[in-house]
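Have a look at the structure below before the remarks.
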Amino acid sequence: MRHFTVQQILDQKVEVLNRHWLPVKTTTVREAVCLIVAGKADAVAVDERTFPVRSVRLTVEVTPFVVLRDAGPQKHWKPGQPSRRRILDRDGHTCQYCGVRATTIDHVFPASRGGGNTWTNLVAACERCNTLKGDRTPEEADMPLRCTPKPPAHPIYKLAQQH
């Protein structure tokens with residue numbers, strides 16, 4: 001069994017989420033405990049990684065995530081406009097035609113034929129597949145997509161996978 005010093009435990013990272021479960025910042029266990037004790041946040045158990053932080057008079061359960069109780073007026077999450085970086089991130093920098101590392105983006109329905117810059121019409125592609133597909137649809141080029149393009153998932157799902 002591995003033992004940690006108090007300082008190591010208090011310096012571990014905790015993700016702070018707003019009341020809509022959107023990431024606000026990353027902080028330490030020390031600050032997270034202060035937020036919980038002050039009644040400004042609640043610890044959220046998304047998996048089995050929870051541990052007590054004890055003092056003489058108080059025990060606080062700490063998890064990798066804390067949710068602020070009230071963070072003022074907040075907008076609801078929207079995926080935003082697609083960009084080259086966002087499309088590559090959504091698709092894991094993987095070509096949606098052949099599966100190798102992607103460096104470009106491709107219009108599923110070609111832009112020259114009216115295809116828009118939307119989450120459902122843009123995919124990550126390697127240069128070879130992007131050139132090979134050209135000004136055709138995946139069906140016309142006989143290059144089926146590995147998965148259907150869609151807007152990115154809420155950021156909390158990515159955070160849960162990272163922790």
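crowded, with 18+ Cβ neighbours inside 10 Å, more than 30 Å from residue 22 (Cβ to Cβ) and in contact (Cβ under 8 Å) with a residue 12 or more places away in the chain - does that describe any residue in the range 145-152?
no
This table checks each residue for (1) more than 20 Å from residue 20 (Cβ to Cβ); (2) at pLDDT below 95; (3) open to solvent by 20 Å² or more (accessible area, probe 1.4 Å).
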| site | (1), (2), (3) |
| --- | --- |
| 73 | no, yes, yes |
| 76 | no, yes, yes |
| 90 | yes, yes, yes |
| 93 | yes, no, yes |
| 97 | yes, no, yes |
| 105 | yes, no, yes |
| 111 | yes, yes, yes |
| 121 | yes, no, no |
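Scan the range 128-155 for residues that are assigned to a helix (DSSP H, G or I) and more than 24 Å from residue 85 (Cβ to Cβ) and jot them down.
139, 140, 141, listed by residue number.
The values are calculated or read from the model by the stated rules, or taken from the named source; none is laboratory data. Since we're looking at a predicted model, the values are computed, not measured. Cβ atoms come from the backbone with ideal geometry, glycine included; neighbour counts cover every protein chain shown. Each accessible area value is taken on the protein alone, full model and side chains, heavy atoms only, with ligands, DNA and RNA left out. Shrake-Rupley method; radii C 1.70, N 1.55, O 1.52, S 1.80 Å.
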